[in-house]
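See below for the structure under consideration.
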Amino acid sequence: MNITKNSAVTMHYALKNDNGDDLGSSHGHEPMAYLHGCDNIVPGLEKALERKKAGDKITAVISPEEGYGVKNKDGIKKIGKDRFEGDEEISVGMEIQVDIEGEVSVASVLQIDEKEITLDLNHPLAGVTLHFEIEVLDVRDATEEELSHGHVHGPGGHHH
């Protein structure tokens, strides 16, 4: 069976950047499961997996535009230190949860000075070319419940 819209796909993946740094892998863990055509994975990887079948091994190089997006200057925000309450010591390089205008997101701390903290709200992999090694393990039709929930259930998916 080939991967098409609404296929439930189980796969192993390894992800690296242009320098060959390891950005994540499912090897040694549960394989990853996703629902094809439902925005569960980055668009470029979906395109690379279209029409593949169980047993296929592929290498895919995904541009930032087809991955987690390009770095956006608007994603860099300066916030007054006084807006951070709590005992936790914030340091450069940390990832913290922030609430900006009612929207909670994860931000990387870029800089800290006397009065302000500079945050990067871009996805940590924004601007990064993604190098995937994929092994497709299983392809099946998604169930009605999976389609209504928008994700795969069971091992490697949700609700297990």
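Computed values, structure above
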quantity	calculated
Unique match (being exposed (fewer than 15 other Cβ atoms within 10 Å of the Cβ), touching a helix residue (DSSP H, G or I) at 6+ places or on another chain (Cβ under 9 Å), part of a strand (DSSP E or B) and not charged (D, E, K, R)) among VAL61, VAL70	VAL61
Condition met for ILE79 (among the β-branched types (Val, Ile, Thr) and within 23 Å of the chain's Cα centre (by Cα))	no
Residue match in the range 88-102 (condition: assigned to a helix (DSSP H, G or I) and surrounded by fewer than 10 Cβ atoms within 10 Å (Cβ to Cβ))	no
Residues satisfying the stated conditions in the range 73-87, i.e. part of a loop (DSSP other than H, G, I, E, B) and within 27 Å of GLY127 (Cβ to Cβ)	PHE84
Counted residues, the range 16-37 - those being touching a Leu at 6+ places or on another chain (Cβ under 8 Å) and either part of a loop (DSSP other than H, G, I, E, B) or surrounded by fewer than 21 Cβ atoms within 10 Å (Cβ to Cβ) (or both)	8
Members of the range 6-15 found to be touching a Lys or Arg at 6+ places or on another chain (Cβ under 9 Å) and either assigned to a loop (DSSP other than H, G, I, E, B) or of a type in the set (S, T, N, Q) (or both), listed by number	SER7, THR10
Output for the range 109-130, where each listed residue is in a strand (DSSP E or B) and out of contact with any Leu (no Cβ under 7 Å at 6 or more places or on another chain)	GLN111, ILE112, GLU116, ILE117
Hey, GLY20 small (Gly, Ala, Ser) and within 24 Å of GLU95 (Cα to Cα) or not	yes
Verdict on GLU46 being over 16 Å from the mean Cα position of the chain (by Cα) and either exposed (fewer than 10 other Cβ atoms within 10 Å of the Cβ) or within 25 Å of ASN6 (Cα to Cα) (or both)	no
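Conditions (1) outside the structural domain of VAL139 (by TED's automatic domain parsing); (2) basic (Lys, Arg); (3) in contact with a Ser or Thr (Cβ under 8 Å, 6 or more places away or on another chain), marked per residue:
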residue: LEU15; (1), (2), (3): no, no, yes
residue: GLY20; (1), (2), (3): no, no, no
residue: GLU30; (1), (2), (3): no, no, no
residue: TYR34; (1), (2), (3): no, no, no
residue: LYS52; (1), (2), (3): no, yes, no
residue: GLY80; (1), (2), (3): yes, no, no
residue: ARG83; (1), (2), (3): yes, yes, no
residue: GLU88; (1), (2), (3): yes, no, no
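The values are calculated or read from the model by the stated rules, or taken from the named source; none is laboratory data. This is a predicted model, so every value here is computed, not measured. Please note: Cβ atoms are built from the backbone with ideal geometry, for glycine as well, and neighbour counts cover all protein chains shown.
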